[in-house]
1. Just one of (i) -0.35, -0.79, -1.30; (ii) -0.45, -0.62, -1.27; (iii) -0.35, -0.66, -1.26 is log10 I(q)/I(0) by the Debye sum over Cα atoms at q = 0.08, 0.12, 0.22 Å⁻¹ as worked out from the coordinates here. Which one is it?
2. Report, in deg cm²/dmol and to the nearest 500, the calculated mean residue ellipticity at 222 nm for the chain, where each DSSP H run with n ≥ 4 adds -39500 (n - 2.57) and the sum is divided by the residue count.
3. Would you calculate the separation in nanometres between label points at Arg98 and Trp43, each defined as 7 Å from the Cα along the Cα-to-beta-carbon direction?
4. With only Lys, Arg, Asp and Glu charged, each at its Cβ (+1 for the first two, -1 for the last two), find how big the charge dipole of the chain is about the Cα centre; round to the nearest 20 debye.
5. Residue farthest toward the positive end of the dipole of the stretch 3-101, with Cβ of Lys/Arg at +1 and Asp/Glu at -1: which of Thr79, Trp66, Gln8?
6. Scanning the chain for trypsin sites (Lys or Arg not before Pro) in DSSP loops with at most 10 other Cβ atoms within 10 Å, what's the longest stretch left with none?
7. Would you mind calculating the gained length between Glu87 and Gln59 on full extension (0.36 nm times residue separation, minus the Cα-Cα distance), in nm to one decimal?
8. Counting alpha carbon pairs within less than 8 Å and at least 6 residues apart, what relative contact order, in whole percent, applies to the chain?
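No value in this document is a laboratory result; all are computed from the given coordinates. Everything numeric in this text was worked out from a predicted model, so none of it was measured. Backbone-built Cβ (ideal geometry, glycine too); neighbour counts: all protein chains shown.
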Amino acid sequence: MTLRVNDQVTIEEWELVESFVRSSGPGGQNVNKVSTAVELRYWADRSPALTGSQKARLQRLAGQRWTADGAVVIFVQETRSQARNREIARERLVELVRKALVVKKRRVATKPTYGSVKRRLAGKKVRGEVKRLRGRVEGEE
């Protein structure tokens, strides 16, 4: 089973490693017996589906979830169901990879127009004059 990120990118099953551990939190005796929490590892560094720049963006977005050996680790223990936790982990991985595929536009520095600079300075002069007039009037006691 492959994970479809978009039309161009799919994550193959061999790139994923799932391990199941006991979950913490509420659940009664079930918590002590059943391994419902999911740890999903995606070997992004070795993945042929992503380009170098996409991998770099994914690493930046993953933050602490990116391991030293180039894997993204997603840990889910939200529900008592192992199957639902697996689905949630896969959904989160797909969403993270989708975000990494988006190339942000470079901001182009612009200069304010001559007219806007003049209007700003004129406004500052008017404001300064209003504040000056609030002061003490000379000659009166």
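1. (ii)
2. Values: 4 runs with 56 residues, N = 141.
Only helices count here, giving -13000 deg cm²/dmol.
3. 2.6
4. Details: 31 positive and 16 negative charges, 257 e Å.
It comes to approximately 1240 debye.
5. Of the listed residues, the answer is Thr79.
6. On the way: sites that count: Lys104, Lys105, Arg106, Arg107, Arg134, Arg136.
In the chain, the maximal stretch lacking such sites is 1-103.
7. On the way: separation 28, 0.36 × 28 = 10.08 nm, distance 2.21 nm.
Difference between extended and current length: 7.9 nm.
8. This gives 21 percent for the chain.
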